[in-house]
Structures are given as C-alpha cells and as structure tokens.
Amino acid sequence: MADIRQKPVEPTPPDTRPEEADALEAHLETKRMYINLGPSHPAMHGTVRMRVELEGETIVSADPEIGFLHRGFQKSCENVTWTQCLPYTDRLNYVSALQNNFGFLSAVEKLIGLEIPERAKYMRVIGAELHRMADHLTMVGATGMELGGFSVFLYALEARELIMDRVTELTGARLTTSFGRIGGMNRDLPEGWKEKVLKSLDKISVVYKEIEGLLTRNRIFVDRTKGTGVISAEDALDFGFTGPCLRACGVDFDVRKARPYWVYDRMDFDVPIGRNGDNYDRYLMRMEELLQSDRIIRQALAQIPAGPIIVDDWRIALPPKPEVYGTIEGVISHFKLVMEGVQVPAGEVYDSTEGSNGELGWYLVSDGGGRPYKVHVRAPGFPILAGVPRMIEGKFLADLIPTFDTINMIGGEVEQ
C-alpha cells in the first residue's frame with residue numbers, strides 16, 4: 001500500500017481567478033441597510049431617534065426624529081401665571097436651568113419695561129456663567145466617554161459637582177432651580193458663598209488641566225474629531241446655528257457681546273472663534289469658554305454691589321412677610337400676586353440671551369392679564385440638530401457619535 005504521507009500535498013487551486021471573482025461579486029444582489037439609532041442607544045442620550053441609511057459603513061442619509069421627551073412646554077406656560085412658568089423653563093435645558101430661568105424673566109421684564117436692581121444683574125451673570133461651565137463640562141465629559149476616555153468623564157463630573165454644590169447652596173435645588181423672580185431675585189447670596197465659589201473655581205482649574213492633558217493632544221481623540229462632522233459657515237448660518245457650534249465655523253457672534261445685557265458690558269472676556277467647523281473645533285470652543293466663564297465669575301464676584309435684589313413694587317414683587325402678616329395692604333397684594341399673577345401690559349416682545357448652546361430667545365405675547373397669551377422659545381439646539389444630516393451624510397457611521405456629542409443636543413429644549 002502506498003504511503004500518502006510521502007507525496008507532496010498540492011494546494012487546492014482557487015475556483016476562480018481574481019478577475020473572475022470581481023466579476024462574480026458585481027452580479028451579487030446587494031442592498032443598503034437601515035438602522036435605528038436611539039432612543040435607547042446610549043449615544044442618542046435617550047431623547048432622539050435617528051434613522052440612518054448605510055452603504056457599508058458610510059452614511060447615505062440620516063433622519064433625526066424628535067418627540068420622545070415632548071412635554072408641551074408652551075401650552076403649559078399659557079395656563080399658569082407668568083411666575084409659575086419658571087418651573088417649566090427649568091426643564092428646557094436641565095443642565096443649565098439658571099440660564100433658562102433668567103432668560104425668561106428678562107423677556108418678561110422687557111415686556112413690562114422694568115429695570116432690575118444692580119445687585120440682581122450681577123447675581124444673574126454669576127448664576128448663568130456657573131451653569132455655562134456645568135453645561136460645557138457635561139458635554140466634554142460625555143464626548144470623552146463615548147470615544148473611549150472614561151477617565152475624562154470622571155474628571156469632568158468631579159468639576160461639575162463642585163458647581164452643582166454651589167448652585168444648590170444658592171438656589172436650594174440641585175437641578176431644577178426655579179431661581180429668580182420678575183423684577184430681580186427671590187433670595188440673596190448665602191453667607192460665605194462668594195468665598196466657596198472662588199475655592200471651587202480654583203479646584204476646577206486643576207481638573208481642567210487634567211482634562212486638557214487627556215484629550216486635547218490625544219492621538220485617538222484628535223483622529224476621531226478632527227475633520228469629522230464638518231459644516232461650513234454658510235451652511236451653519238442657513239440652518240440657524242448660534243453659540244459654540246456657529247463660532248467653531250469662524251463666525252464671531254455672541255449675544256453677550258452683540259447685544260450686552262445685565263452687566264456683561266462691564267466684564268472683560270474674550271469670545272473664542274474656530275476655523276474648521278468640525279468636532280475638534282467645537283470641543284475647543286467649550287474648553288476655551290470654560291476659561292472665559294471663570295474670568296467673568298471672578299470679576300462679577302469682585303464687583304457686585306450691596307443693595308436690594310428685587311424691585312420695591314408690590315404690583316411686581318411679593319411684599320415682605322412682616323407686611324403680609326401685619327397690614328391689610330400687604331396681605332391683599334400678596335393674595336393678588338399669587339392668585340392672579342403679575343399684570344403684564346398688553347403687547348409682544350422678543351428677547352434673547354446667550355445660552356450654553358447658543359441664542360436662547362423668547363417670544364412672549366400678553367393680553368394685559370396675569371397669564372401669558374403666547375409663549376414661544378427659540379431653543380438653540382433645534383436648528384443645530386436639523387443640521388446634523390448635512391454634517392454626517394457621506395461620512396462613516398463612527399463619525400456620528402462625536403458629532404452628536406459636540407452639538408450637545410438637549411432634548412428638553414429641542415422638543416419643548
């Protein structure tokens with residue numbers, strides 16, 4: 001019997017030559033894949049669904065679908081008094097609620113033609129910038145985490161917790177603050193609070209350097225963000241971008257500089273401007289704005305004057321408790337304000353402030369009563385989300401993750 005082990009084993013010839021294989025594959029039936037990202041996908045943050053059409057790993061089309069967090073903000077506001085709208089504004093951008101509180105109050109005060117006390121203006125600047133820092137830290141931390149840098153997320157949340165502690169001491173609430181009142185503020189700064197804020201800012205500066213060291217020149221992070229999610233300045237303006245996403249495209253627009261409100265005209269700060277309109281520039285915008293907010297808060301704390309925190313007008317502000325308990329005028333004014341609301345003159349107004357993600361605008365209509373006739377909010381995140389398909393179509397599926405992170409969509413304000 002022949003021993004087959006002595007015979008050389010020849011390789012099995014391929015069925016077809018490479019040219020024939022290519023020709024065969026050309027006749028194979030292929031089709032595009034449709035996938036749903038969200039609302040349960042972690043990268044969609046539980047508040048939006050994106051229907052993505054894929055050709056391999058390339059995004060052919062993307063269709064964002066909102067509505068999973070819709071809570072009827074505008075109609076809810078039209079059924080309560082002007083002051084009772086505040087808890088609803090908290091829930092627009094729940095990461096920076098103070099900015100929504102103060103923006104709405106400023107619009108109501110503009111409709112009334114009311115000037116608030118100087119101390120109240122400084123308090124609003126301080127609160128708004130603290131929450132701008134909290135918002136940006138959340139965005140930077142989430143972006144790092146979803147690109148594999150979990151340590152960045154922990155550092156960012158450590159810094160954000162310092163801010164949340166100070167906000168809790170100021171407002172009495174951690175997340176939904178409902179802070180401020182028409183005509184000023186509902187309470188003054190707590191004793192020793194200024195010193196605590198300054199110490200917290202010093203600690204955040206240390207954490208900031210850690211985050212910057214982990215991300216800004218990290219090869220993986222730069223490769224995933226630089227040149228991805230690009231949008232031109234012209235397209236960004238056409239969609240209605242504002243805030244860091246617009247400035248990352250090279251457009252110099254910031255409501256705090258273009259139309260100063262409160263005491264921003266007394267603050268010395270810079271507005272960072274990008275060039276490329278990509279994910280990396282949008283990250284850099286947030287990082288630089290953290291430094292600028294630090295500058296603003298320190299200046300405001302140094303300059304804040306003593307004095308009243310709300311107007312002395314019982315048609316606008318609740319009377320002091322001794323007057324309520326001791327005089328008939330006080331109890332009547334208190335009763336009418338609580339039950340009927342501030343009587344805002346008939347008319348309409350649009351007013352805006354610079355939110356963490358862009359221009360936060362308010363269109364209000366009053367029929368002369370104590371409740372709004374119409375409330376509409378110009379949420380900065382809505383037009384930016386609308387621009388996402390333009391930013392990612394023709395790119396890889398993996399590019400969608402950092403792009404959705406750097407636009408920092410907040411479901412509450414987009415879906416109202």
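The values are calculated or read from the model by the stated rules, or taken from the named source; none is laboratory data. This structure is a prediction, so every number in the text was calculated from the model and none was measured. Cβ sites come from the backbone with ideal geometry, for glycine too, and all protein chains shown count toward neighbours.
Computed values, structure above
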{"item": "Test: residue in region 176-186 that is in contact with a strand residue (DSSP E or B) (Cβ under 7 Å, 6 or more places away or on another chain), aliphatic (A, V, I, L, M) and either modelled with pLDDT under 95 or within 26 Å of Tyr261 (Cα to Cα) (or both)", "result": "yes"}
{"item": "Residue ID - farthest from Asn93 (Cα to Cα), chosen from residues in region 371-389 that are in a strand (DSSP E or B) and touching a residue at least 60 places away in the same chain (Cβ under 8 Å)", "result": "Lys374"}
{"item": "Total residues in region 184-241, condition over 24 Å from Val140 (Cβ atoms) and assigned to a helix (DSSP H, G or I)", "result": "7"}
{"item": "Cross-chain or 6+ apart pairs with Cβ under 7 Å, region 319-333 first and more than 19 Å from Ile182 (Cβ to Cβ), then of a type in the set (D, E, K, R) and surrounded by fewer than 16 Cβ atoms within 10 Å (Cβ to Cβ)", "result": "none"}
{"item": "Residue check for Leu137: touching a residue at least 24 places away in the same chain (Cβ under 8 Å), crowded, with 18+ Cβ neighbours inside 10 Å and over 20 Å from the mean Cα position of the chain (by Cα)", "result": "no"}
{"item": "Residues (surrounded by 16 or more Cβ atoms within 10 Å (Cβ to Cβ), of a type outside the set (A, V, I, L, M, F, W, C) and assigned to a strand (DSSP E or B)) located in region 349-362", "result": "Asp351, Ser352, Thr353, Glu354, Gly355, Gly358, Glu359, Gly361"}
{"item": "Any hit, region 68-76, residues being modelled with pLDDT under 95 and crowded, with 18+ Cβ neighbours inside 10 Å", "result": "yes"}
{"item": "Single residue of region 90-121 satisfying the filter (of a type in the set (Ser, Thr, Tyr) and either surrounded by fewer than 24 Cβ atoms within 10 Å (Cβ to Cβ) or closer than 27 Å to Gly368 by Cβ (or both)) that is modelled with the highest pLDDT", "result": "Ser106"}
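So that you can scan it fast, the table gives a plain yes or no per residue for (1) surrounded by fewer than 17 Cβ atoms within 10 Å (Cβ to Cβ); (2) closer than 24 Å to Arg124 by Cα; (3) under 19 Å from the mean Cα position of the chain (by Cα); (4) aromatic (Phe, Trp, Tyr):
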site	(1), (2), (3), (4)
Phe221	no, no, no, yes
Val230	no, no, no, no
Val263	no, yes, no, no
Phe269	no, yes, no, yes
